[in-house]
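Heads up: the structure comes next, in structure tokens.
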Amino acid sequence: MLPNKDYLNEKLTYTKDGNLIDSEGLPIMMEWEREIMKHDAALICQNGGDILNVGFGLGIIDTYIQSYNPKSHWIIESHPDVYNKMVNDGWLEKPNVKVIFKPWQEVLEDLPKFDGIYFDTWKEDQFLFDAYVNRIIKEDGVYSFFNNPRNSDLINCLTKQLLKENFNILTNPIKIKGPIENAESYFEKDIKTYWSPECRLKKNEKIY
């Protein structure tokens with residue numbers, strides 16, 4: 001059973017002010033995250049090649065990924081409301097984009113290796129993905145994810161420990177500017193600094 005099965009049955013809403021919220025009104029993705037997504041797209045696309053994004057949301061990072069004209073751009077999205085927006089916005093028609101409308105848990109074994117990987121989903125633990133990511137990333141590839149400070153001081157302790165077994169991890173500070181709504185728990189006090197993870201395979205790590 002999928003850990004976020006109930007979420008996949010929820011009705012999601014794209015608001016007029018450019019956010020995506022769930023059935024309880026909780027923010028799944030917000031416009032203020034744009035600065036983060038711009039930075040992280042540059043991070044995972046620095047080697048060009050084949051790029052994977054898990055979780056489409058508002059499509060902000062995918063739009064930035066497209067600006068780097070990757071060889072291939074894979075997107076995994078499992079919520080029907082988000083998928084319908086992708087269809088309406090023409091993402092399935094882009095020549096270098098491959099959209100997989102399934103939970104990522106069901107397709108991990110079928111994925112090729114990527115030069116850059118990004119992970120940002122909702123109402124689930126990414127522990128399983130982190131346990132597998134070293135199998136689908138190329139030797140010099142870069143893995144990053146939305147680091148949700150609500151779950152930890154910096155990076156979720158399980159994720160941090162697991163990734164350290166296979167990856168060297170850097171955390172890059174991003175200063176968030178301007179008014180930020182629904183983000184009180186993302187930052188310490190009034191210091192709006194987001195920490196972006198940059199994960200690279202250790203050179204002595206076995207490539208499967």
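The values are calculated or read from the model by the stated rules, or taken from the named source; none is laboratory data. Remember, predicted model here, so these are calculated numbers, not experimental data. With ideal geometry, Cβ positions are generated from the backbone for all residues, glycine too; neighbour counts draw on all protein chains shown. We work out accessible area using only protein heavy atoms, side chains counted, and drop any ligands, DNA or RNA first. Shrake-Rupley method; radii C 1.70, N 1.55, O 1.52, S 1.80 Å.
For region 1-83, the gyration tensor built on C-alpha atoms gives an oblate shape. Its axis ratio a/c (a ≥ b ≥ c) is at least 1.5, and a/b is not larger than b/c. Oblate is the label for region 65-137, because the ratio a/c of its alpha-carbon gyration tensor axes (a ≥ b ≥ c) is 1.5 or higher and a/b is not greater than b/c. On a per residue basis, region 10-71 carries 42 Å² of accessible surface, using protein heavy atoms and a 1.4 Å probe.
Given a Förster distance of 30 angstrom, what is the FRET efficiency for residue 171 paired with residue 69, based on the Cβ-Cβ distance and rounded to 0.05?
Working from the Cβ atoms, E equals 0.60.
Provide the packing ranking of 165-175, 78-88, i.e. peptides ordered by the mean count of other C-beta atoms within 10 Å per residue, highest first. Spell out each step's value before the answer.
Details: 165-175: 13.9, 78-88: 17.1.
Taking the mean over residues of other Cβ atoms within 10 Å, the ranking is 78-88, 165-175.
So which lysines can residue 102 reach, going by Cα to Cα under 18 Å and dropping same-chain residues fewer than 8 places off? Output for residue 102: 5, 11, 85, 123.
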